[in-house]
1. What pairs come out if I take residues in region A:49-60 that are exposed (fewer than 12 other Cβ atoms within 10 Å of the Cβ) and pair them with residues that are modelled with pLDDT of 95 or more whose C-beta lies under 9 Å away, six or more apart or interchain?
2. Based on this model, can you work out whether B:ASN93 counts as polar (S, T, N, Q) and either more than 14 Å from the chain's Cα centre (by Cα) or modelled with pLDDT of 95 or more (or both)?
3. Only residues that are among the polar types (S, T, N, Q) and at the interface with another protein chain (Cβ under 7 Å from one of its Cβ atoms): list them for region B:82-93, please.
4. Can you find, within region B:52-90, the residue that is surrounded by the fewest Cβ atoms within 10 Å (Cβ to Cβ) among those that are over 13 Å from the mean Cα position of the chain (by Cα) and among the hydrophobic types (A, V, I, L, M, F, W, C)?
5. Within the set of pairs 6+ apart or on separate chains, which have a first residue in region B:63-75 that is under 13 Å from B:ASN27 (Cα atoms), a second that is not in a strand (DSSP E or B), and C-beta atoms under 8 Å apart?
6. Just to be sure before I move on: is A:VAL78 surrounded by 17 or more Cβ atoms within 10 Å (Cβ to Cβ), out of contact with any Ser or Thr (no Cβ under 7 Å at 6 or more places or on another chain) and aliphatic (A, V, I, L, M) in the structure I sent?
7. Do you know which residues across region A:29-53 are of a type outside the set (Phe, Trp, Tyr), within 15 Å of B:GLY43 (Cα to Cα) and in a strand (DSSP E or B)?
Amino acid sequence: EAGVTQSPTHLIKTRGQQATLRCSPISGHTSVYWYQQALGLGLQFLLWYDEGEERNRGNFPPRFSGRQFPNYSSELNVNALELEDSALYLCASSKQGAPNYGYTFGSGTRLTVV
Amino acid sequence: QQQVKQSPQSLIVQKGGISIINCAYENTAFDYFPWYQQFPGKGPALLIAIRPDVSEKKEGRFTISFNKSAKQFSLHIMDSQPGDSATYFCAANSGYSTLTFGKGTMLLVSP
């Protein structure tokens, strides 16, 4: 069974640009979660999509947005990039209605803003 | 109310020793408490999880101890090995909500 796949693995952008990160969940999983892992700050919750709908978002500005496609894959968009957006962005998936049965994470996209 | 506080930030243990990582929470509605293990360059992987109806859960060398009244839970790694060197995250959630993670503990097991 393929795990959660994220692309690209590394992304370098200039301040002010836009970044698009992609995630494919495990087959059969309909929920996708996005987390930001910045140095020393642990895992900060960004967004949760389930069945194509945004179910919840964390305490991040609106320039962090995303969507979930009919095949349950998802993309995270970060507009007007700032230096402090540099972090590892992790995507996780779970079965529908079962976020508290554990997530499966991908290996992340390392975003560097210069 | 949503915070999960994890300690210590870093930990060095001799091979064969016991590693102990602690977490505390405030939200009494939390009913699922997993631990994740993350190696460099990889995403976190679910290690072990507990629900508040039991006080302890053991899987191999890994044990979760849960104290509902104190709102604390901890991970014990018995007979720690160099291959256990990783960052460990505790987390918690309730019902149909997203996981809230602690800030992580970097464990180094020296040979």
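The values are calculated or read from the model by the stated rules, or taken from the named source; none is laboratory data. All figures in this text were calculated on a predicted structure; none of them were measured in a lab. Using ideal geometry, Cβ is built from the backbone for each residue, glycine included, and neighbour counts are taken over all protein chains shown.
1. A:GLU53/A:GLN68
2. no
3. Just the residues of region B:82-93 that are among the polar types (S, T, N, Q), to begin with: B:85, B:87, B:93.
The one that is among the polar types (S, T, N, Q) and at the interface with another protein chain (Cβ under 7 Å from one of its Cβ atoms): B:ASN93.
4. Per the stated criteria, the residue is B:ALA70.
5. Partner pairs satisfying both residue conditions: B:LYS68/B:PRO52; B:LYS68/B:SER55; B:LYS71/B:GLU26; B:LYS71/B:THR28.
6. Numbers: surrounded by 17 or more Cβ atoms within 10 Å (Cβ to Cβ): yes; out of contact with any Ser or Thr (no Cβ under 7 Å at 6 or more places or on another chain): yes; aliphatic (A, V, I, L, M): yes.
Criteria met by A:VAL78.
7. Residues satisfying the conditions are A:VAL32, A:GLN36, A:GLN37, A:LEU43, A:GLN44.
A quick yes/no check of all residues on (1) at positive phi; (2) part of a loop (DSSP other than H, G, I, E, B); (3) within 13 Å of chain B (Cβ to nearest Cβ):
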{"position": "A:SER27", "(1), (2), (3)": "no, yes, no"}
{"position": "A:ASN77", "(1), (2), (3)": "no, no, no"}
{"position": "A:LEU88", "(1), (2), (3)": "no, no, yes"}
{"position": "A:SER107", "(1), (2), (3)": "no, yes, yes"}
